[in-house]
1. Among the residues of the stretch 35-52, is any in contact (Cβ under 8 Å) with a residue 40 or more places away in the chain and within 18 Å of residue 98 (Cβ to Cβ)?
2. Suppose we keep only residues that are in a loop (DSSP other than H, G, I, E, B) and over 16 Å from the mean Cα position of the chain (by Cα) within the stretch 127-152. Which one would you say is surrounded by the fewest Cβ atoms within 10 Å (Cβ to Cβ)?
3. Given (1) free of Cβ contacts under 8 Å to residues at least 24 places away in the same chain; (2) under 26 Å from residue 141 (Cα atoms); (3) out of contact with any strand residue (DSSP E or B) (no Cβ under 9 Å at 6 or more places or on another chain); (4) of a type outside the set (Ser, Thr, Tyr), where does residue 71 come up short, assuming only one miss?
4. Return a yes/no flag: does the stretch 133-142 have any residue that is in contact with a Ser or Thr (Cβ under 7 Å, 6 or more places away or on another chain) and of a type in the set (A, V, I, L, M, F, W, C).
5. Considering only residues that are among the hydrophobic types (A, V, I, L, M, F, W, C) and at pLDDT below 95, which ones fall in the stretch 30-70?
6. Select from the stretch 153-170 the residues that are touching a residue at least 40 places away in the same chain (Cβ under 8 Å) and not in a loop (DSSP other than H, G, I, E, B) and list them in ascending order.
7. Quick check: is even one residue across the stretch 61-68 surrounded by 14 or more Cβ atoms within 10 Å (Cβ to Cβ) and touching a Leu at 6+ places or on another chain (Cβ under 6 Å)?
Amino acid sequence: MDIRHAIEDDLPIITEIYNHAVRTTTAIWNDRVVDVANRAAWLKAHDEADLPVLVSVDDDGVVNGYATFGPWRAWDGYKYTVEHSVYVHKAAQRKGVGKALMHALMGAARERGYHVMIAGIESGNVGSLRLHEQLGFQKVGECPQVGCKFGRWLDLTFMQVTFEGCPLPK
């Protein structure tokens, strides 16, 4: 497995992975699928903001997952905190892809001087909660019934990891 920055040629599979999550999971609290043009604009915006979009590529050169992060909140005081997303193709789940992407993504956040990474996880997503615990994230809160998808209320669990050694800005 290789982890690298996403390129335009990766957008069809990134779009497929995203849309599968929209249609079948509560990992994305969105009801609308997107097209490749949408993901192209999304990738361009991330590139312009120096926000990584990393992909995992299997031994055959096929993208099987992606991860990224962006600002957690819009105000200046939060500029050293990011919130991430990680999605794995249904055929590659439970094979270490998510963990490998997260290790690389956390490294990218540290390199850019971020201090905290936030995960917002649907509270029933036990696999994601466990993965984040294994990566050193700690549960910091839960918001009951703040979302709705597939005709039911969803709870949101917040987890975070703090990158030690990040100096306090002046």
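1. yes
2. It comes out as 151.
3. Here residue 71 meets the rest and fails (3).
4. no
5. The one that is among the hydrophobic types (A, V, I, L, M, F, W, C) and at pLDDT below 95: 62.
6. 154, 158, 159, 160, 161, 162
7. The answer is yes, given that some residue of the stretch 61-68 is surrounded by 14 or more Cβ atoms within 10 Å (Cβ to Cβ) and touching a Leu at 6+ places or on another chain (Cβ under 6 Å).
The values are calculated or read from the model by the stated rules, or taken from the named source; none is laboratory data. Since we're looking at a predicted model, the values are computed, not measured. Cβ: placed from backbone, ideal geometry, glycine included. Neighbour counts: every protein chain shown.
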